[in-house]
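The values are calculated or read from the model by the stated rules, or taken from the named source; none is laboratory data. Remember, it's a predicted structure, so these values are computed and weren't measured experimentally. When we count neighbours, we look across all protein chains shown, and the Cβ atoms used for this are built from the backbone with ideal geometry, even at glycine. With ligands, DNA and RNA removed, areas are computed over all heavy atoms of the protein, side chains included. Shrake-Rupley method; radii C 1.70, N 1.55, O 1.52, S 1.80 Å.
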Amino acid sequence: MSYQRKEIPAEEIRRQEAICLRIRGRVAADGAAPLAMVDTYGCQQNEADSEKLRGYLQEMGYGFTADEFEADVIVVNTCAVREHAEMRVLGNVGALNHSKKARPGQIVAVCGCMVQQEHMAQKIKRSYPVVDLVFGPHELWRFPELLERVMLSHKRVFAAEKNDGVVAEGIPRRRDGDVKAWLSIMYGCNNFCTYCVVPYVRGRERSRRPEDIVAEARELIAAGYKDITLLGQNVNSYGKDLGCGVDFADLIRLVDAIPGDYRIRFMTSHPKDATEKLFRTMAECAHCTHQLHLPVQSGSDRVLKAMNRSYTREKYLAQVALARQYMPDLVLTTDIIVGFPGETEEEFAETLSLVEQVRYDAMFTFIYSKRVGTPAASMPDPYTREDKQKHFDALTELANRISGEKHREYEGKTLRVLIDGETGKEEYNLSSRTDGGRLVHLRGDPALIGEFCDVKIASSNTWALYGELV
Ligand code: 5AD
Ligand code: SF4
């Protein structure tokens, strides 16, 4: 592979922080306390990126609001995985005309995966004059510089060149909560599943150095975070680009060795390279939860091949069996695409039968969405939207039935949970998660937020468990 790993030098990030201070001086001179709004679409990686945008904005002196009519700077961090998310973004960005009219001088920025697609950047340039700044995921590290350029020039700025991606350490972050934290371990994807736009917009796989990851985990644990999710498009290929002999299982061990009362989980795992070593490591590391998100996408070998997933149904099922052998209490979740181009009735039935066989704790199901520039976009697709919707509904019904049944098996059991927030409801005022990530509602003192507690499960439905503190 011709990809050259590109790291942003530390002095570049310091230069960005110096720009933050300059902006801070300028906006403070304007009088009123400035406010920013960051609106996030899509996956956890985007949530993590938005924490960096807020980190920079905070250094620029901005406070935060969720009301676009109050904001001086609006950043919309977008997703490109499915058309539905893009339509929502475009609708909401268009509507910012109103807030901008009411608040002259308001700056609107659109960033993230959607605008890394050339046709979308063009569309915004042509049809969304409300947008002042467009930048792709590879430019996030220089957001202060781009924003300053808009502020000084009063011209629109577009920065979403084609790029294999960079690694930038040391960007300030303003984290969303104080119990759970995202920890990105790698960026990009090399898999080129034929339906997926991610490899085109997020660039090639590049891993952060183990020492940087461990240092961040240490900081999080010292700051009291109790639940750390290691993030990557495909965590199982962690380290391959570094060549330093640390693979993903080794990385789990390095983090697990940090003393403290916390747990780690991770996503996403590609079935093609989940290994026995990984399952053994998960079973052996005390801080590692027995939760695995292992997207299968389809139960049909013909469709899996057309998707370029590099595994068969049989290989997938063998992996699930192996993982469960190491962790009999494994909580297993998955992603499934319904209506991939040319997927027949029989092929869809194979997905249903796989789901019956595996019995996932939870499933994320999607109707196939055609993505510009991907190989699947030009595959023949004789089936209608109605056909796909019918299949989708059948799969959802099955998924709900199974997770309802699995939830019922918890009734009467006592589980360790981490209390992570308030529900706003009177009867069950607190929400929590089991080690396996199942949602548990309970009654208790909000002072318990951030604590691990034992809860006896009294009842359940498809989506959640309900319990009492013991
Ligand atoms: N259409 C529908 N679903 C998709 N996903 C990725 N690309 C598409 C697409 N074009 C789903 C996959 C992936 C999840 C994050 O999104 O199931 O695992
Ligand atoms: Fe997309 Fe496949 Fe990469 Fe996941 S592994 S981001 S589905 S190309």
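For Leu354, are the conditions met, namely being without any contact (Cβ under 8 Å) to a residue 60 or more places away in the chain, of a type outside the set (S, T, N, Q) and either within 16 Å of ligand 2 (Cβ to nearest atom) or part of a helix (DSSP H, G or I) (or both)? Answer is yes for this residue. State whether one or more residues within segment 409-416 are surrounded by fewer than 16 Cβ atoms within 10 Å (Cβ to Cβ), more than 25 Å from the chain's Cα centre (by Cα) and within 30 Å of Ser300 (Cβ to Cβ). Checking segment 409-416: at least one residue is surrounded by fewer than 16 Cβ atoms within 10 Å (Cβ to Cβ), more than 25 Å from the chain's Cα centre (by Cα) and within 30 Å of Ser300 (Cβ to Cβ).
Here is a yes/no grid of residues against (1) under 17 Å from Thr281 (Cβ atoms); (2) open to solvent by 40 Å² or more (accessible area, probe 1.4 Å); (3) out of contact with any Asp or Glu (no Cβ under 8 Å at 6 or more places or on another chain):
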position: Glu205; (1), (2), (3): no, no, no
position: Ala215; (1), (2), (3): no, yes, yes
position: Gly243; (1), (2), (3): no, yes, yes
position: Asp247; (1), (2), (3): yes, yes, yes
position: Leu251; (1), (2), (3): yes, no, yes
position: Asp261; (1), (2), (3): no, yes, yes
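When only residues in segment 429-442 that are open to solvent by 30 Å² or more (accessible area, probe 1.4 Å) and at pLDDT 95 or above count, which is farthest from Met363 (Cα to Cα)? Among them, the one singled out is His441.
Would you check which residues across segment 129-152 are open to solvent by 20 Å² or more (accessible area, probe 1.4 Å) and either among the hydrophobic types (A, V, I, L, M, F, W, C) or modelled with pLDDT under 95 (or both) and list them? Scanning segment 129-152 gives Trp141, Met151, Leu152.
Cβ-Cβ contacts under 9 Å between residues 6 or more apart (or on different chains), taken from a first residue in segment 266-277 that is not assigned by TED's automatic domain parsing to the domain that holds Thr312 and of a type in the set (A, V, I, L, M, F, W, C) to a second residue that is open to solvent by 20 Å² or more (accessible area, probe 1.4 Å) and within 11 Å of ligand 2 (Cβ to nearest atom), are absent. Just one of the listed residues (Arg5, Arg103, Arg54, Arg22) is in contact with a helix residue (DSSP H, G or I) (Cβ under 9 Å, 6 or more places away or on another chain) and over 26 Å from Arg371 (Cα atoms), and it is Arg22. Number of residues in segment 273-305 that are within 15 Å of ligand 1 (Cβ to nearest atom), more than 14 Å from Phe348 (Cα to Cα) and either surrounded by fewer than 17 Cβ atoms within 10 Å (Cβ to Cβ) or modelled with pLDDT of 95 or more (or both) equals 4. The residues in segment 124-148 that are free of Cβ contacts under 8 Å to residues at least 60 places away in the same chain and either touching a Leu at 6+ places or on another chain (Cβ under 8 Å) or of a type in the set (A, V, I, L, M, F, W, C) (or both) can be counted, and the count is 9.
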